1. At 7 Å along Cα-to-Cβ for each site, give me the label-to-label distance between L89 and A70 in nm.
2. For the chain, which DSSP H helices look membrane-span-like by this rule: Cα extent along the axis of 18 Å or more and mean Kyte-Doolittle of at least 1.0?
3. With only alpha-carbon pairs counted, each pair once and no self-pairs, how large is the Kirkwood hydrodynamic radius of region 1-93 in angstroms?
4. For region 48-106, just the Cα atoms, rotate onto the principal axes and tell me the three extents in Å, largest first.
5. Can you give the local net charge around G10? Use residues other than it whose beta-carbon is closer than 13 angstrom to its beta-carbon, Lys and Arg +1, Asp and Glu -1.
6. Please quote Rg/Rh for region 17-151 to two decimal places, taking the Kirkwood radius as Rh and restricting both calculations to Cα atoms.
7. When only C-alpha pairs under 8 Å and at least 6 residues apart count, what is the relative contact order of the chain, in percent?
8. Just how much of F115 is accessible, in Å², when a 1.4 Å probe is used and the result is rounded to the nearest 10?
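The values are calculated or read from the model by the stated rules, or taken from the named source; none is laboratory data. What you see is a predicted model, and the numbers here were worked out from it, not measured in a lab. A quick note on method: Cβ atoms are made from the backbone with ideal geometry, for glycine too, and the neighbour counts reach across all protein chains shown. Each accessible area value is taken on the protein alone, full model and side chains, heavy atoms only, with ligands, DNA and RNA left out. Shrake-Rupley method; radii C 1.70, N 1.55, O 1.52, S 1.80 Å.
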Amino acid sequence: TATYLMALPGGWLADRLLGAQRAVVWGAGLILAGNTLLAIPAGPTLFYLGCLVVVVGVGLLKPNISAMVAQLYPEGGAARDAGFTLFYLGINVGALLGSLATPWLAQQYGWRAGFAGAAVAMALGLTQFQLTRRHLGAAGTRVRPTHPDLVAADRRRWRGVMVVLSAAI
């Protein structure tokens, strides 16, 4: 449930500060880091921290990757339908493979190995995204403001984000 709630601030950060492509990269990196934390044999504090980092990462990645698919096909129609079909096919195949591999790894080697496997899969996915990112063109990019008033507004937004993060920590 928390991952769905984090989609709201994740979308806001992408729309106002990062751009969808950067939000997806940050989100995937956080999911990778969270799964790595979950794979480390430590106490409950590190476990909960790993879960929190994964939730924040999903909140950045999930809404913004879908938004990029929509931006690739702004005209709509059959091309957009086909794009979303391929996108969701890939998501569902990954979910199927992950839901088979993780419990298998956990049964064979322990739950830490299951989380490590998820971290490796996320690292591969992030690498693939970075290597093929050039094919996205302008979809999901954010043009940095140059007007002094807009630059100041961005700084205020970042300060607000930092205040919220500091308070949460």
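1. According to this spin-label approximation, the distance is 2.3 nm.
2. Qualifying helices: 20-39, 44-72.
3. Working: mean 1/r = 0.0710 Å⁻¹.
Value: 14.1 Å, from the Cα pair sum.
4. Computed over the Cα atoms, the extents are 43, 24, 9 Å.
5. Values: positive: R16, R22, K62; negative: D15.
Charge balance near G10 sits at +2.
6. Numbers: Rg = 17.3 Å, Rh = 16.4 Å.
Here the Rg-to-Rh quotient is 1.05.
7. Reported relative contact order: 29 percent.
8. My reading of the accessible area for F115 is about 50 Å².
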